[in-house]
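Colleague: Here's a structure for you.
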Amino acid sequence: MSLLNKLKTKWWIEILALAFISALIYLLNINQFSYYRDDWYYAYDGYIAGPSIFKIMFSSDRPARGIFFGIYYFLFGAYPLPYHIGIYIWRLLGGYSALWLFHLLWPRQRFANFSMALLFLIYPGFLWWPEGIEYQPMLASVCLHTFSIALTLAAVQSTQKTTQIFLWAGSILTGLTAIALVDYAIGMEAFRILCIFLLIASTQRDISFIRKIIQTVRASLIPLTIPLIFIIWKIFIFTGDRKATDISLQTSAVIRTPVETILLWGERLFTSSLNVSILAWWTPLRMHYSLIQRNDLWIGFTIATVTLALTVIATRFMTNPNSDSQPEAVSKSDNFSIQAILLGLAGVIFGLLPVVMANRFVIFRAYSHYALPASLAAVTFVVGLIHFVFPRRLQIILVSLLVGIAALTHRGVAIKAASEQATIRDFWWQVYWRIPKIQEGTMLAVYYPSIDYEDDINIVWGPANFLYYPEPHPGIDLVKYKLAATRLDEKGIQNIIGETEKVSHTYRSHTMFLNYRRILVMSQPSSKSCVHIIDGHWIERSQYDTPEIAQMFPHSKISYALTENESNSTPLDFVFGTEPAHDWCFYYQKAELARQQGDWETVAELGEKANRLELIPSDLIEWTPFVQAYAYLGQTEKVEQLAAYFKNDPFHNPQLCKNLNRMNENGYPLQPAMQAKVDALFCK
């Protein structure tokens with residue numbers, strides 16, 4: 001046997017290929033990731049209260065996650081990088097577990113097994129993987145569940161009693177842990193039973209179908225203890241108070257309105273199954289392809305091309321093109337494609353059934369995590385369908401194409417997450433330059449450029465509290481946020497305008513008080529603009545501010561932006577990264593702070609420093625404090641120089657005119673000659 005043929009008989013090809021391809025897809029942007037969306041409250045609550053807070057955080061619904069996060073936080077604290085590495089490791093181990101599982105089911109289908117394991121590893125229907133903290137237990141769960149099913153099949157196959165005992169024990173332990181972390185994954189227990197049946201059917205071909213069923217039932221008695229134990233604990237032992245995971249509450253709808261509920265469930269099950277199995281390879285790509293900018297597009301296509309090439313190379317090592325037995329003839333001889341299609345389709349349906357019965361469903365914009373448990377069955381169905389319909393060469397091409405689609409999809413996801421996190425870090429560094437301290441009890445209304453955060457307002461109060469109130473208080477039972485934030489939807493904006501609403505909001509392990517009489521508005525109108533802390537003393541609206549956002553400006557209370565900070569603390573580097581270079585926005589923020597302090601000389605000095613560095617704003621409204629400073633200090637030539645930027649500008653001139661005329665009422669009167677000059681320049 002030649003060296004090449006010897007290498008082909010080893011698993012190292014699959015192991016290395018899975019590692020290289022997945023690393024290329026998931027790890028390129030890992031050093032740019034920090035906290036994403038809900039990660040902020042996990043990180044802040046843990047940083048303030050310590051590991052014990054996670055037990056409280058999940059005491060109402062999934063206590064296993066409290067233990068899970070407590071261990072993680074004890075080991076890694078609030079540093080984000082270990083969590084992102086952990087996400088990748090769980091995914092890779094899940095891919096290896098799937099490879100073993102499929103090898104146990106179809107030992108003669110090496111290429112198909114590798115295809116299913118790879119597509120499971122890089123499954124593009126799960127889009128929340130950059131959220132390294134919150135989705136850590138979900139990736140751990142799907143990995144452990146896959147490993148548990150593989151252990152079950154190994155136990156069924158084993159003839160050694162001692163080995164069987166260890167395999168069954170490991171299977172039950174990992175299976176229970178997986179479901180305890182993600183309860184809606186219980187539907188994949190049906191996939192486990194079907195895998196047992198296929199294993200028995202393929203290894204004992206001579207017995208009747210009835211005997212196969214009987215042996216499947218016998219072999220399933222031990223693994224059936226996994227869902228049975230969990231259901232008994234959930235219904236009769238555990239007392240929770242979160243409605244989203246209350247079984248009796250979620251199923252009560254079918255008792256009240258059985259026909260309507262069953263029809264709704266049927267519709268959602270169909271659309272969710274379609275999304276998980278077929279549309280996962282198209283819809284997420286369509287959603288995220290536009291996020292890949294032109295200068296990064298070639299990187300995305302390079303990654304997709306390299307992953308595609310690695311897939312083809314690995315496949316060539318696994319198959320012999322001159323052999324009639326691989327893989328097409330083998331596929332027909334053991335009915336692989338039919339088995340995979342039926343197993344995958346049934347697994348998707350049963351895997352999604354608990355999700356649908358809990359009045360949830362799979363949509364990629366918000367609920368892609370519900371696709372994760374059933375993704376193992378989905379890739380089984382897809383690869384089975386490819387093997388059933390297409391000849392061998394086209395099978396390789398189509399699997400490689402799906403790998404390329406997944407690579408491009410995840411590239412778009414990574415770019416979106418990294419860009420959003422960079423925007424947030426830059427935003428709060430500017431706020432740090434501008435505001436030494438925000439008064440406790442202030443509520444923030446924040447507009448980020450190009451970020452639609454909807455309900456995820458933790459990306460506002462999370463960094464705000466990390467920046468201004470990072471003092472740990474280990475062991476407390478409830479984290480009280482000193483700074484709150486509001487949504488910028490219609491209701492939130494109307495509450496700001498009304499200035500009457502007061503709401504106490506408690507969620508899991510933290511609480512905050514929303515007082516709409518204590519609003520501080522912050523807006524970064526565009527990616528080219530600086531952050532604007534809205535000061536009601538001066539009328540300043542960017543040409544990029546939307547009318548909806550501008551409605552809030554008169555209600556912003558600049559007095560809550562304190563101009564002194566006794567602690568003089570600096571931003572936590574593992575949260576906000578290193579301080580950015582001092583560009584125009586640094587000098588603008590410092591000038592805004594000096595203006596609030598009434599220090600016009602410092603404003604003018606900062607303007608001169610920026611001028612010497614040839615720094616100018618992209619958003620013209622940011623010249624305002626400098627125009628005011630030069631006017632107040634009687635520096636006519638500099639006022640005229642800046643006025644040239646606003647010549648025949650009907651949007652900015654009226655604002656500059658009003659601000660300069662309000663200098664007197666705000667305690668900074670202009671000299672008569674200067675007043676006449678600014679009137680001539682800006683108030684025509």
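Colleague: Going by amide H atoms built from the backbone, whose H comes under 5 Å of the H on VAL362, apart from near neighbours?
Modeller: Amide H neighbours of VAL362: SER272.
Colleague: Could you give the length gained by full extension between ILE476 and LEU401, i.e. 0.36 nm per residue of separation minus their alpha carbon distance, to one decimal place?
Modeller: Taking ILE476 through LEU401 to full extension adds about 21.8 nm, to one decimal.
Colleague: Say each of SER527 and THR302 gets a label point 7 Å from the Cα, pointing the same way as Cα to Cβ; how far apart are those two points in nm?
Modeller: The two pseudo-label positions are separated by 2.0 nm.
Colleague: Residue by residue, what Karplus-based ³J(HN,Hα) values in Hz, rounded to whole numbers, does region 451-467 have, using 6.51, -1.76 and 1.60 with θ = phi - 60° and x for Gly and Pro?
Modeller: 10, 9, 8, 6, 7, 7, 6, 5, 6, 9, 6, x, x, 5, 6, 4, 6
Colleague: Using the Karplus curve 6.51 cos²θ - 1.76 cosθ + 1.60 with θ = phi - 60°, work out ³J(HN,Hα) for each residue of region 204-217 in order, rounded to whole Hz, and write x for Gly and Pro.
Modeller: 3J(HN,Hα) across region 204-217, in whole Hz: 10, 5, 7, 7, 6, 4, 4, 5, 5, 5, 4, 5, 5, 4.
Colleague: Amide H to amide H, which residues 5 or more places from LEU514 or on other chains are under 5 Å from it, using H placed in the peptide plane?
Modeller: VAL503, SER504, HIS505
Colleague: Give the angle, between 0 and 90 degrees and rounded to the nearest 10, that separates the Cα long axis of helix 136-157 from the longest principal axis of the Cα atoms of the chain.
Modeller: 10 degrees
Colleague: So in the chain, what percent of DSSP beta bridges are antiparallel if you round to the nearest 5?
Modeller: Once the DSSP bridges in the chain are tallied, antiparallel ones form about 55 percent.
Colleague: While we're on this one: Separation between the THR162 and ILE237 pseudo-spin-labels, each 7 Å from Cα along Cα→Cβ, expressed in nm?
Modeller: A separation of 3.1 nm, rounded to one decimal place.
Colleague: List the pairs from LYS638/LYS658; LYS161/LYS234; LYS528/LYS647; LYS437/LYS647; LYS161/LYS212; LYS416/LYS557 whose alpha-carbon separation is above 30 Å, in the order I gave them.
Modeller: Flagged as over cut-off: LYS161/LYS234; LYS437/LYS647; LYS416/LYS557.
Colleague: Still on this model: At a Förster radius of 56 Å, what calculated FRET efficiency corresponds to the Cβ-Cβ distance of LEU81 and ALA676, to the nearest 0.05?
Modeller: Rounded to the nearest 0.05, the efficiency is 0.40.
Colleague: With each pseudo-label sitting 7 Å past Cα toward Cβ, what's the ASN661-THR271 distance in nm, one decimal?
Modeller: For ASN661 paired with THR271, the spin-label model returns 5.5 nm.
Colleague: Calculate how steeply helix 294-318 sits against the longest principal axis of the alpha-carbon atoms of the chain, using the helix alpha-carbon long axis, and give the answer as 0 to 90 degrees to the nearest 10.
Modeller: Around 10 degrees separate the two axes.
Colleague: As I understand it, the value is the acute angle between the Cα axis of helix 161-181 and the longest principal axis of the Cα atoms of the chain; what does it come to in degrees, rounded to 10?
Modeller: Approximately 30 degrees, to the nearest 10.
Colleague: May I pose another question? Extension gain ALA169-ASP452, at 0.36 nm per residue separation less the Cα-Cα distance, in nm?
Modeller: 97.2 nm
Colleague: Quick one: if the Förster radius is 56 Å, what FRET efficiency do THR506 and LEU615 give, using the C-beta to C-beta distance and rounding to 0.05?
Modeller: Taking R0 as 56 Å, the efficiency between THR506 and LEU615 is 0.80.
Colleague: Continuing with this model, one more query. Pull the list of the chain cysteines that no other Cys approaches to under 4.7 Å, Cβ to Cβ.
Modeller: CYS143, CYS195
Values quoted throughout were computed directly from the atomic coordinates according to the rules given, and no laboratory measurement underlies them. Just so it is clear, the model here is predicted, and its values are computed rather than measured. Cβ atoms come from the backbone with ideal geometry, glycine included; neighbour counts cover every protein chain shown.
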